[in-house]
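Everything below concerns the one structure shown next.
The values are calculated or read from the model by the stated rules, or taken from the named source; none is laboratory data. Note that this is a predicted model, so its numbers are computed, not measured. Neighbour counts are summed over all protein chains in view; Cβ atoms, including those assigned to glycine, are modelled from backbone coordinates with ideal geometry. Note: accessible area is taken over every heavy atom of the protein model, side chains too, but ligands, DNA and RNA are not part of it. Shrake-Rupley method; radii C 1.70, N 1.55, O 1.52, S 1.80 Å.
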Amino acid sequence: MTREKVIESAREFFRTQMQPKPFVAGESYIPPSGKVLHEDDMAALMDATLDLWLTAGRFSKTFEAELPQWFGRKGSGLFVNSGSSANLVAISSLSAPMMETMGKPRLKPGDEVITVAAGFPTTVNPIVQTGLKPVFVDVDFKTLDATLEQVQSAFVKGKTKAVVLAHTLGNPYRADLLAKWCASEGLYLIEDCCDALGAEIESESGIACAGSFGDFSTLSFYPAHHITTGEGGAVIPKDGRLRKVAESMRDWGRDCWCEPGKDNTCNKRFCQQLGDLPDGYDHKYTYSNVGYNLKATDMQAALGSSQLKKAAQFIEVRRRNWKALYDGVKASPILREKIQPVEPTAGTRPSWFGFAAHTAPGLDREKLVAMLESRKVGTRLMFAGNLVRQPAYKGVDYRVVGELKNTDEVMRRTFWIGVHPQIDAPKIQYMLETLERCVKELS
């Protein structure tokens, strides 16, 4: 059997065996997140599998070259095994000794990094794991993002060295303004775009994607996200020097930059003297950073490249679904009174990950989400709520600016439901009707 016939058989299998079941209101569960796969994705997976090149290969090289184009950046990104690993690579890179050989200052243990507690833990965990000190600021209750003014309030000259913030649920903060301020103070900026592929900001120089302003931006391709590779993520560096450091951190900390299966790209494999190693020690086994192995496979990259072709379509469906839910809430007298949708940040065009809303004081959020789940409408909370109240952070050295009042309100009152491309008009109608019934019963 030829390769082409095997791939066509995979397409046929998808067409005949992988179609979704019809939606039945009240019986079919509507998950808050979900992947959307097509026969092209199955074909790409099969194509990569037939290579039997089980680590990074030709598909990874293509995928890494395609990703920065979304952010108007040159060069290539770095494909990693998760969005969490992408954050670990980005933050660890800024702390790596190799930064200094690249002509850039590096972060050192005890340096302060401004972030928020209202988010996902793996935006913050690498700050702690690299010996840096997180400084938590509050968020704007309406948008779930920190404002420039809130970040500036945490700045301490000589101590603050970086800002690491996620674009919450696909609603971008004004990264253009934040990046400008960070540059004026000599701070690094990492934009966590794991929930926000395709979000846009109306900057002074025109419309630009969130993720195009930081020294690093990071992405997640977990099945819940805008596109999927199964497990997977990516790091998008601002320039080639940062990429070299990040590649080393991803690939065991090695000094060599040869692609898998290739040797002596630098033509100096056996004629260098680095560190206290013997002269001519194999460059392939020379390490300049304390790194990791956070690579992903070529099969995952093949799926990612196929999914990326459909990303713009996925994003528009998410925006359409979010608007339908938003308009539906605003059109209902009882929902308008009891449910407060999260608002887009002024000057941005979000790429929504979910439809987030706050319950009015007196409306029991826990009872509401339990009722929605029992009636087949999937829900999620705003991730960790307030990280400083999580048991994992007991004893962690951090600083809090202010009282995090809005963060605590998010922890108590905020939930979200799905807007992913599996959701269509009949599901939107059922979600709104169910939300209204549940709120009436609790009011």
Practice task
Express the carbon and sulfur contribution to the solvent-accessible surface of the range 271-350 as a percent, rounded to the nearest whole number, probe 1.4 angstrom.
Solution key: 55 percent
Exercise for the section: At 7 Å along the Cα-to-beta-carbon direction for both Asp51 and Lys284, put a label point, then send me their distance in nm to one decimal. Expected result: 1.9 nm
Handout entry: Per residue accessible area in Å² of the chain, where ligands, DNA and RNA are left out and the probe is 1.4 Å
Key = 44 Å²
Practice task
In whole Å, largest first, what are the principal axis extents of the Cα atoms in the range 356-443?
Solution key: 49, 31, 20
Fill in the blank from the handout: The Cα extents of the range 232-363 along the principal axes, largest first and rounded to whole Å, are 77, 33, 26
Handout entry: Separation between Cα centres of the range 56-94 and the range 333-409, rounded to whole Å
Key = 30 Å
Exercise for the section: Give the Rg/Rh ratio for the range 127-232, taking Rg as the radius of gyration of the Cα atoms and Rh as the Kirkwood radius, to two decimals. Expected result: 0.97
Fill in the blank from the handout: So for R0 = 25 Å, FRET eff. of Thr16-Glu373 from the Cβ-Cβ r, to 0.05, ends up at 0.15
Handout entry: R0 of 30 Å, Cβ-Cβ distance Glu27-Glu337: FRET efficiency to nearest 0.05
Key = 0.50
Exercise for the section: Can you tell me how much longer the chain between Ser205 and Gln129 gets when fully stretched, taken as 0.36 nm per residue apart minus their C-alpha distance, in nm with one decimal? Expected result: 23.7 nm
Practice task
Quick one: angle between helix 365-374 and the longest Cα principal axis of the chain, in degrees between 0 and 90, rounded to 10, please.
Solution key: 90 degrees
Practice task
Rank these residues by their accessible area, most exposed first, probe 1.4 Å: Trp322, Trp252, Trp70.
Solution key: Trp252, Trp70, Trp322
Handout entry: Equivalent ellipsoid dimensions for the chain as semi-axes, Å, which come from the Cα gyration tensor, largest first
Key = 38, 30, 17
Practice task
May I ask for the equivalent-ellipsoid semi-axes of the range 1-146, computed as the square root of five times each C-alpha gyration tensor eigenvalue and listed largest first in whole Å?
Solution key: 39, 26, 12
Practice task
Using a cut-off of 15 Å between beta-carbons, work out the net charge of the residues near Asp111 (Lys and Arg +1, Asp and Glu -1, Asp111 not included).
Solution key: +3
Problem - Separation of the Gln273 and Leu148 label points, Cα + 7 Å toward Cβ, nm - result: 5.2 nm
Completion exercise
Ignoring ligands and nucleic acids, Asp195 exposes an accessible area, probe 1.4 Å, in Å² to the nearest 10, of 20 Å²
Completion exercise
Once the in-chain neighbours fewer than 8 apart are removed, the lysines whose Cα is under 26 Å from Lys295 read Lys35, Lys61, Lys74, Lys104, Lys108, Lys238, Lys244, Lys262, Lys268, Lys284, Lys309, Lys310
Practice task
Could you order Asp364, Asp251 so the one with the most accessible surface comes first? Probe is 1.4 Å.
Solution key: Asp364, Asp251
Exercise for the section: Report the equivalent ellipsoid semi-axes for the range 60-204 in whole Å, largest first, defined as the square roots of five times the eigenvalues of the gyration tensor built from alpha carbon atoms. Expected result: 22, 20, 15
Completion exercise
The correct ranking of Tyr222, Tyr398, Tyr393 by accessible area at 1.4 Å, largest first, is Tyr222, Tyr398, Tyr393
Fill in the blank from the handout: A convex hull over the alpha carbons of the range 297-443 yields, per residue, a volume in Å³ of 180 Å³
Practice task
Take every Cα-Cα distance within the range 146-185, group them into 5 Å bins from 0 onward, and report for each bin the whole-number percent of pairs it holds.
Solution key: 5, 21, 36, 23, 10, 4, 1
Practice task
Evaluate the Kirkwood expression for the hydrodynamic radius of the range 351-391, namely the inverse of the mean inverse distance over all pairs of different C-alpha atoms, and round to one decimal in Å.
Solution key: 12.0 Å
Problem - Computed helical MRE - 222 nm, the chain, DSSP H runs ≥ 4 contributing -39500 (n - 2.57), nearest 500 - result: -11000 deg cm²/dmol
Exercise for the section: Could you check how many percent of all C-alpha pairs in the range 265-311 are farther apart than 18 Å? Expected result: 56 percent
Problem - Stretch gain in nm, segment Arg3-Cys266, where the contour uses 0.36 nm per residue and the Cα spacing is subtracted - result: 91.2 nm
Exercise for the section: For the range 128-202, give the percent of accessible area contributed by carbon and sulfur heavy atoms, probe 1.4 Å, rounded to a whole number. Expected result: 51 percent
Handout entry: Accessible surface of the range 41-111, 1.4 Å probe, proportion on carbon and sulfur as whole %
Key = 61 percent
Completion exercise
The FRET efficiency for Lys180 and Val396, from their Cβ-Cβ distance with R0 = 30 Å and rounded to 0.05, is 0.45
Problem - Degrees, to the nearest 10: 298-308 long Cα axis against longest axis of the chain - result: 50 degrees
Handout entry: Along principal axes, Cα extents of the range 313-396, largest first, whole Å
Key = 44, 29, 26
Completion exercise
For the range 27-88, using Cα atoms only, the Rg and Dmax in Å read 15.2, 48
Problem - Helix 240-250 axis, angle to the chain major axis (alpha carbon atoms, nearest 10°) - result: 80 degrees
